[in-house]
Amino acid sequence: MANLLDDLIAQVLRLDIRLHACVARLGARTDGAALSDLRVALLRLRGLMRPLRGLPVADVLDEAVAAVGSLSGPLRDQELLVAELEQQGLFHLAKARRNALEAGYAQLLQAAGMDRLFLVLDAWPRLMRVSEREGVLARLHKRMERRLARDWRSLCRSLKASSHDRDRLRQLIERVRQEVEAYPAMCQASPRTLRLLIGAQVALGVWHDRTQWLLRAEQEAELRPQVRAWQVALHAAEVRSDRVLDKLLASLR
């Protein structure tokens with residue numbers, strides 16, 4: 001228990017430092033990857049907390065992370081669309097959306113949810129130690145093993161389904177990958193399985209982005225000239241993701 005708890009606290013502290021750095025980078029606009037890196041840190045925190053859900057000390061952090069995630073998600077979607085438009089040379093379409101991004105960055109940095117997240121992170125190590133002393137974390141290791149095993153079973157069932165729900169698979173794969181990276185000893189995934197999880201997440205991420213852009217094109221007429229190219233890219237992403245998913249399923253049997 002002591003080693004598990006120490007490792008959990010150490011991982012959260014490292015992610016706390018990384019989040020502070022991402023916020024500083026985003027505030028200073030030092031580079032274009034600050035928001036993406038912030039989102040990765042949030043996802044890793046959620047991956048750490050997921051097997052602990054139901055424990056008050058985990059739920060309070062998970063809720064704070066989810067709140068910032070819901071604020072930053074649409075901004076990241078906008079970043080990806082702007083990058084796509086600029087790559088295609090459609091700078092006139094990208095300009096207004098980039099201006100909106102700048103306003104969105106400022107709102108995110110000033111959001112009450114961001115302040116709350118850092119307050120919770122500051123208090124979290126002490127809250128974990130208090131929970132341990134009060135016996136709240138009894139049988140923590142077994143509890144986590146059951147949760148992790150359940151997520152693997154859910155992924156396997158979804159992979160075996162005759163018709164893939166790609167969006168659900170994308171979420172499940174993201175969840176399991178986070179857990180493998182957070183708790184490698186408990187998950188015991190082979191290096192090949194981890195590589196396939198990453199490959200499937202990337203392929204399904206490409207599919208998801210094109211799906212979102214096509215939905216936006218239905219509402220934003222200036223994006224409609226891009227629809228054909230996005231449809232072609234969407235089909236290619238579906239083919240690619242199906243191949244990787246088949247390999248992933250084979251590796252789990």
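The values are calculated or read from the model by the stated rules, or taken from the named source; none is laboratory data. In this text, all values refer to a predicted model and were calculated from it rather than measured experimentally. We place every Cβ from the backbone using ideal geometry, glycine too, and count neighbours over all the protein chains shown. Accessible surface is based on the protein model in full, side chains and every heavy atom, while ligands, DNA and RNA are left aside. Shrake-Rupley method; radii C 1.70, N 1.55, O 1.52, S 1.80 Å.
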Per DSSP, the loop-located GluC sites (Glu not before Pro) within segment 192-253 having at most 14 other beta carbons within 10 Å are E220
Calculated log₁₀ intensity ratio I(q)/I(0) where the Debye formula runs over C-alpha points of segment 162-240, q = 0.15 Å⁻¹: -0.61
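For segment 15-54, just say rounded, prolate or oblate: build the C-alpha gyration tensor, square-root its eigenvalues into a ≥ b ≥ c, call rounded for a/c under 1.5, and beyond that prolate if a/b exceeds b/c, oblate if not. Working shown, then result.
On the way: a/c = 4.41, a/b = 2.74, b/c = 1.61.
Note, shape of segment 15-54 comes out prolate.
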What does the highest-first list of 154-160, 136-142 look like by mean Cβ count within 10 Å? 154-160, 136-142
Residues meeting the amide H criterion for H164 (H placed from the backbone, H to H distance under 5 Å, 5 or more places apart or on another chain) are none
How large, in percent, is the carbon and sulfur part of the accessible surface of segment 1-121 at a probe radius of 1.4 Å? 57
Keeping all protein chains in place, calculate the accessible area per residue for segment 110-253 (probe 1.4 angstrom), answer in Å². 57
What is the Cα coordinate range of segment 1-137 on the first, second and third principal axes, sorted by size from largest, in whole angstrom? 60, 24, 24
Rg in Å to one decimal, and Dmax rounded to a whole Å, for the chain via C-alpha atoms: 19.9, 62
Across segment 151-201, what fraction of all alpha-carbon pairs, as a whole percent, falls in each successive 5 Å bin from zero upward? 4, 21, 33, 26, 11, 4, 1
What shape does segment 197-248 take by its C-alpha gyration tensor, where a ≥ b ≥ c are the square roots of the eigenvalues and a/c under 1.5 counts as rounded, a/b above b/c as prolate, and the rest as oblate? prolate
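Hey, what's the Kirkwood Rh for segment 74-174 if you take every pair of different alpha carbons, in angstrom?
Details: mean 1/r = 0.0546 Å⁻¹.
Hydrodynamic radius (Kirkwood, Cα pairs) of segment 74-174 is 18.3 Å.
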Radius of gyration and Dmax over the Cα atoms of segment 66-116, both given in Å: 12.4, 40
For segment 204-212, what does the Karplus curve 6.51 cos²θ - 1.76 cosθ + 1.60, with θ = phi - 60°, yield as ³J(HN,Hα) per residue in whole Hz, taken in order and with x for Gly and Pro? 6, x, 4, 4, 4, 4, 5, 4, 5
Explain nothing, just compute: Karplus ³J(HN,Hα) = 6.51 cos²θ - 1.76 cosθ + 1.60, θ = phi - 60°, for every residue of segment 25-36 in order, whole Hz, x for Gly and Pro. 5, 5, x, 8, 6, 6, 7, x, 9, 4, 5, 4
Above 18 angstrom, tally the Cα pairs of segment 25-77 and express them as a % of all pairs, no decimals. 37
Take the alpha-carbon centre of segment 190-253, take the same for segment 61-116, and report the distance between them in whole Å. 21
³J(HN,Hα) across segment 55-70 via Karplus (A = 6.51, B = -1.76, C = 1.60, θ = phi - 60°), whole Hz, x for Gly/Pro? 8, x, 5, 7, 5, 5, 6, 4, 5, 5, 5, 4, 5, 5, x, 5
How about K160: which lysines have a C-alpha closer than 19 Å to its C-alpha, ignoring those fewer than 8 places off in the same chain? K247
